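K.L.:
Attaching a single structure in structure tokens format; questions to follow.
The values are calculated or read from the model by the stated rules, or taken from the named source; none is laboratory data. Predicted model, so just to flag it, every value in this text is computed and none were measured. Please note: Cβ atoms are built from the backbone with ideal geometry, for glycine as well, and neighbour counts cover all protein chains shown.
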Amino acid sequence: MLISKILMIAATILNLALGISVFIKSKNKVQKTFSYFIFLATIWVISNVLFLFIPKYFFETLTYMSGVLLAAGIFLWVIYYSKVNIKKFWKIFGVLVCILVALLTLIPNFILSTEMIQTPFGFDANLGKYFTAFTIPIGLILLISIIILLAGYKKSMGIKKLQNIYVIIGFIIPILIVLIFNFIFPYFERLYFARLDAMVSIIFVTLISYSIFKYRFMDIKFIVRKGLVNFLTLAIILFIYIYLLIFSKSYFEKTFYWSEQTTTIVLVIIIALTIEPLRRLLVKVIDKVFYSKQRNVDEEARKLKLILSSSMHFDHLINRATGSLKDFLQINKIYFLELDRQTGDLKNDNTENTTVSIKSTDVLFSYLQDNPNILITEEIPYLMEESKNGEVGKLKNIEEKLKQLAVSLVLPIGERGELVGVFLFGPKNKKDAYTVDAIQYLQRLQPQMTGAIANALLYKQAVERIGNFNK
């Protein structure tokens, strides 16, 4: 019971912190609706905490009523976030159904019985005569919310697709647990599992927070270190894991009539044997799910450095470098535009039967001259937020230009004020986004690429001048 209370209080704090953080940063309907439904989640968790400390019918009713209102909040936010075309009538209908069910929870013995029952883990409310009036409509609302999320994911791409993965996992796991423990198990007189529902909101908060930290979920910008995310995620999941083992102690004693000493010894052995393999498994899962699935960055960086240092032939160098970048980043199109000394424009040599150019008078050209940093098309709206009014118009033009060229990332080659050329990267395969690992990989190689390409270009131009002179 003590661990239950600690986890409930932790869930309350985490939900409240997330709700306040998003509310402060909110600028549009999607963000505001999200903060409101997180506040509803906080009230729901608090009502569960109150029932744990004071197991009275009123507080149990409050948990169900706040849970129903939370379902309405989830339903509305999912519609706004996914941008799935749903008629206004169905939005209003879904919310009205939830409000009606919330009112029904207030009727004694209708959804919940006023008679409290003793369980192996404390007190709980018994089912009312019309408990199905709660489970069927609210269960459908939650399942419809998941379907809407999946529909939004299907049409998403780039960074939005990555964000949606964490949102879907963050919703599906808690919703499925709630449906099983709160909607199905009570019919089999297993009410005590319902206490887990509020705790699993920790999973949702963790995944949503991670999506904000790493992928600017809903255009919200916070900063956090990878190590902290790893630590918090592992701590929370392991805490729940240990709790479930301790939770099962009373179950084994009641069901199999084991002595307290025997049960304790068995559980200690299980924890000792499984906690380290579980920890290793969780680390692997977190690295695969939360971080880049690409191959080792250091190994790929060494390969590209070898290519850059092994050739002075410009065309050969560019072809090998673009081939290596395509393979590692999993993209189909990369163009290298070199600076034409005669016209001052950036243009490619038409090696892929596609002419791409950036004129010296173009705002993109002047921007890259002054800012020789990696430019990501999807990040331009965030740059606008942080820029002065005079720069916003320029960035908007740049965004339109890059979208016109179907360019997702620009890697300038050269120093500030001395642009030698640029790599233009097309969209990633499977509509994925460029991850933090990919950007860091390019940032590490940018100086070496600048030096090698500049030297090869000078050599090429010198050979061309000699050839023209001999003619």
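K.L.:
Checking Arg280 against (1) at pLDDT 75 or above; (2) outside any loop (DSSP other than H, G, I, E, B), which single condition isn't satisfied?
P.N.:
Every condition holds for Arg280 apart from (1).
K.L.:
Residue check: is Thr61 in contact (Cβ under 8 Å) with a residue 24 or more places away in the chain and more than 24 Å from the chain's Cα centre (by Cα)?
P.N.:
Judged against the criteria, Thr61 is a match.
K.L.:
Which of the numbered conditions does Thr354 fail, given that it passes all the others? Conditions: (1) closer than 18 Å to Leu405 by Cβ; (2) at pLDDT 65 or above.
P.N.:
(2)
K.L.:
Further, regarding this structure: Restricted to the range 420-444, and to residues that are modelled with pLDDT of 85 or more and outside any loop (DSSP other than H, G, I, E, B), which residue is nearest to Val356 (Cα to Cα)?
P.N.:
Only one residue fits best here, namely Leu424.
K.L.:
Taking the criterion of being in a loop (DSSP other than H, G, I, E, B), closer than 24 Å to Gln448 by Cβ and at pLDDT 85 or above, would at least one residue in the range 317-339 satisfy it?
P.N.:
yes
K.L.:
Is it the case, given these coordinates, that Leu191 is out of contact with any helix residue (DSSP H, G or I) (no Cβ under 6 Å at 6 or more places or on another chain), surrounded by fewer than 22 Cβ atoms within 10 Å (Cβ to Cβ) and either at pLDDT below 70 or not assigned by TED's automatic domain parsing to the domain that holds Ala11 (or both)?
P.N.:
yes
K.L.:
Quick one: is Lys56 within 21 Å of the chain's Cα centre (by Cα) and of a type in the set (D, E, K, R)?
P.N.:
no
K.L.:
For the range 445-457, check the following and say yes or no: at least one residue is modelled with pLDDT of 75 or more, among the hydroxyl-bearing types (Ser, Thr, Tyr) and in a helix (DSSP H, G or I).
P.N.:
yes
K.L.:
Consider Glu400 carefully, then state whether it is modelled with pLDDT of 80 or more, assigned by TED's automatic domain parsing to the domain that holds Gln342 and assigned to a helix (DSSP H, G or I).
P.N.:
Considered against the rule, which asks whether it is modelled with pLDDT of 80 or more, assigned by TED's automatic domain parsing to the domain that holds Gln342 and assigned to a helix (DSSP H, G or I), Glu400 comes out as yes.
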